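Everything below concerns the one structure shown next.
The values are calculated or read from the model by the stated rules, or taken from the named source; none is laboratory data. Note that the structure is a prediction, hence the values are computed from the model and not measured. Cβ coordinates were reconstructed from backbone atoms using ideal geometry, including for glycine residues, and neighbour counts include every protein chain displayed. To get the accessible areas, we keep the full protein, side chains included, count just its heavy atoms, and leave off ligands, DNA and RNA. Shrake-Rupley method; radii C 1.70, N 1.55, O 1.52, S 1.80 Å.
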Amino acid sequence: MPDEDIQTMNRPAVVRGSAARPAPTPAQTAPTWLGPVLIVGIVLAALNLRPAITSLGALFEEARTGLHMSGAVAGLITSVPALCFAVFGVTAPRLSRRFGPAAVVCAGMAAVATGLLIRPFADDAAGFLAASALSLAGIALTNVLLPVIVKRHFPDRVGTMTGLYSMALAAGTSLAAAATVPLTDALGGSWRTGLLIWAALAVAAVLPWLPIAAASRREKAAAPAATTEDPGPSVVRSRTAWALACYFGLQATGAYVTMGWLPQIFRDAGVSASTAGVLLAVTMVMGVPLAFVIPGLAGRMRHQGPIAAVLGAFGLAGYLGLYFAPAAGAWAWALLLGISNCAFPLVITMIGLRAKSPAGVVKLSAFAQSTGYLISIPGPLVIGTLYQHSGGWDLPLALMAGLLVPQIALGVLAGRDRTIEDECGMRD
C-alpha cells in the first residue's frame, strides 16, 4: 500500500523562537509495512468483537445447566454485554490519550483472548461472569477505538475502511452463531470445548497489534516534546453527538430484540425450531455484504440521513409483516430486518465523519456508543415483559415498529453535513 494511504492528521506546529515549524507527520515517518499490517489487524480485531457473545448464545442452555445458574444469574449474564460496552467504553478516550489508540486496542484484544481462555474452565457462575466481563471490557475498548484508528491512518478512506471492518464484524457474528454447535459436536460435545475454540481466533488477533503498538510508541517517543495530544471537543454540547448517541441506542435495541426474540416470534407463528434458527441466520448474514456497501456509500454522501430513512423503512416493513403474516412471509421479513439492522455500520461511519480530528472521533465514539448501549439495555427486557403479560406478539411488534419512527428522525439529524467541532465552536 502506498505511503499516502496511511497518512494521518497533521500534528500541531512546534514553535522555536519566532518561527513555527510543523512537526513530522506519522505518514512521513511510518514504516512501509504499517499500512498492510493495520488492515490485517483491523479485520482480525473486528472478527473478534462478537463471537464471545454469540458463541455463548448458541450454548447458553448447556452452560447454564453445567454451572447451575439460577434464572436471575442467567438473566444477568444476558444483560452484561450492553452494560460492559457502556461502562468500559467511557474509559477509552482517557486511555487513548495516555497510551495511544493502537496500544489500547492491542491490550483490548489481549483481554478478549484471556477472558475466552479462562471462561471455559470456570467452576461456578461468578468465575464465568468475571471471565466474560474481562472479554467484554476488551471488546468495549476496541469498539470505541477502531473508528479512531481508521480516522487517524485512513482519513480519506473512512467509508471504505469502516465498511471493511463492519463486514468482518458481521462475518464474525454470523460465524460464531452458525458454527459453534457443529464444532462443539465434532469435538466431543462439551460446551466448554465449544466456547474455548473461539479463544484461538482472539489470540490470532493480538499478533498484528503487537508491532503496530510498538511502532506507535516509537512515533510518540520521537515526537517533539512540545507536541501535546488534543483532548478534543466537549461532545455533550453537540446536538449531533446526542443525535448519534440516541440513534445508536435505538438501532442497538432493534438488533438485540431481533437476535434475542426473532426465532421465538417465528416459532409461535407455527414455524419449526430448525427453520426459525435458519431465518435468524439469514437475518444476520444479510449484514455481511451490506456492512461493506453501506459505509462506502455513506462516505461519498454529504448527508447520510436518506440512508438512515431507507434502512428504517425496511425495518417498518419487516415488523408490519411479522404483525400481519409472520409465517406466510417469514423469509421476506427476515431479509427486511437483516437490511434494517445494517444501521450499525451506518452509525459507525457517521461517527468517523462527524468529527474532524482523531481526538474528536475518540470522544464522539465513546460518547455515542456508551450512551447508546445504556439506552439499549431495557429493550429486550421490555419486549419480553410485554410478550409475557400480553400473551402474544402484537403489542411488542407494535412497540418495535413505533421506535423506528424516532430512529429515522434521529438518523436524519445525525446525518447532516456538520462536525461536533463546528457545533462546539472549536477552530481547526
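Rundown of residues vs (1) open to solvent by 10 Å² or more (accessible area, probe 1.4 Å); (2) farther than 18 Å from ALA52 by Cβ, yes/no style:
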| residue | (1), (2) |
| --- | --- |
| HIS153 | yes, yes |
| ALA176 | no, no |
| TRP191 | yes, no |
| LEU195 | no, no |
| LEU201 | yes, no |
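Rundown of residues vs (1) in contact (Cβ under 8 Å) with a residue 12 or more places away in the chain; (2) among the polar types (S, T, N, Q); (3) in contact with a Cys (Cβ under 9 Å, 6 or more places away or on another chain), yes/no style:
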| site | (1), (2), (3) |
| --- | --- |
| GLN388 | no, yes, no |
| GLY392 | yes, no, no |
| LEU395 | no, no, no |
| MET400 | yes, no, no |
| LEU404 | yes, no, no |
| GLN407 | yes, yes, yes |
| GLY411 | yes, no, no |
| ASP417 | yes, no, no |
| GLU421 | yes, no, no |
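Taking the criterion of being open to solvent by 60 Å² or more (accessible area, probe 1.4 Å) and either closer than 18 Å to VAL347 by Cα or not acidic (Asp, Glu) (or both), the residues of region 391-409 that qualify are GLY391, LEU395, LEU399, VAL405. On inspection, ALA269 passes the criterion of being over 20 Å from the mean Cα position of the chain (by Cα), open to solvent by 30 Å² or more (accessible area, probe 1.4 Å) and at pLDDT 85 or above. The criterion of being in a loop (DSSP other than H, G, I, E, B) and modelled with pLDDT under 95 does not hold for GLY172. Looking across region 155-165, just one residue is open to solvent by 10 Å² or more (accessible area, probe 1.4 Å) and among the hydroxyl-bearing types (Ser, Thr, Tyr), and that is THR160. Pairs linking a residue in region 175-198 that is of a type in the set (Gly, Ala, Ser) to a residue that is surrounded by 16 or more Cβ atoms within 10 Å (Cβ to Cβ) and not in a helix (DSSP H, G or I), with Cβ atoms under 6 Å and 6 or more positions apart or on different chains, are GLY194/LEU59. All conditions in (1) at pLDDT 70 or above; (2) surrounded by fewer than 23 Cβ atoms within 10 Å (Cβ to Cβ); (3) under 30 Å from THR180 (Cα atoms); (4) not aromatic (Phe, Trp, Tyr) hold for ARG98, with the sole exception of (3). Among the residues of region 325-347, write down those that are open to solvent by 20 Å² or more (accessible area, probe 1.4 Å), closer than 29 Å to ARG302 by Cβ and of a type outside the set (A, V, I, L, M). Across region 325-347, the qualifying residues are ASN341, PHE344. Among the residues in region 284-294, are any under 14 Å from LEU262 (Cα atoms), at pLDDT 95 or above and open to solvent by 20 Å² or more (accessible area, probe 1.4 Å)? The answer is no, given that none of the residues of region 284-294 is under 14 Å from LEU262 (Cα atoms), at pLDDT 95 or above and open to solvent by 20 Å² or more (accessible area, probe 1.4 Å).
Here's a check for you: in region 65-80, which residue that is in contact with a Leu (Cβ under 8 Å, 6 or more places away or on another chain) and open to solvent by less than 20 Å² (accessible area, probe 1.4 Å) is modelled with the highest pLDDT? Only one residue tops the list, namely VAL80.
Within region 393-421, being touching a Pro at 6+ places or on another chain (Cβ under 9 Å), modelled with pLDDT under 95 and part of a helix (DSSP H, G or I) holds for ILE420, GLU421.
This table checks each residue for (1) within 28 Å of SER234 (Cα to Cα); (2) of a type in the set (Val, Ile, Thr); (3) in contact with a helix residue (DSSP H, G or I) (Cβ under 8 Å, 6 or more places away or on another chain).
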| position | (1), (2), (3) |
| --- | --- |
| ALA332 | no, no, yes |
| GLY338 | no, no, yes |
| THR349 | yes, yes, yes |
| ARG354 | yes, no, yes |
| VAL362 | yes, yes, yes |
| GLY379 | no, no, yes |
| VAL382 | no, yes, yes |
| TYR387 | no, no, yes |
| LEU399 | no, no, yes |
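When each of ALA113, ALA58, ALA86, ALA130 is tested for being of a type in the set (Gly, Ala, Ser), modelled with pLDDT of 90 or more and surrounded by 19 or more Cβ atoms within 10 Å (Cβ to Cβ), the lone residue that passes is ALA113. Exactly one residue out of LEU244, LEU250, LEU207 is surrounded by fewer than 20 Cβ atoms within 10 Å (Cβ to Cβ) and either at pLDDT 90 or above or of a type in the set (Asp, Glu) (or both): that is LEU207.
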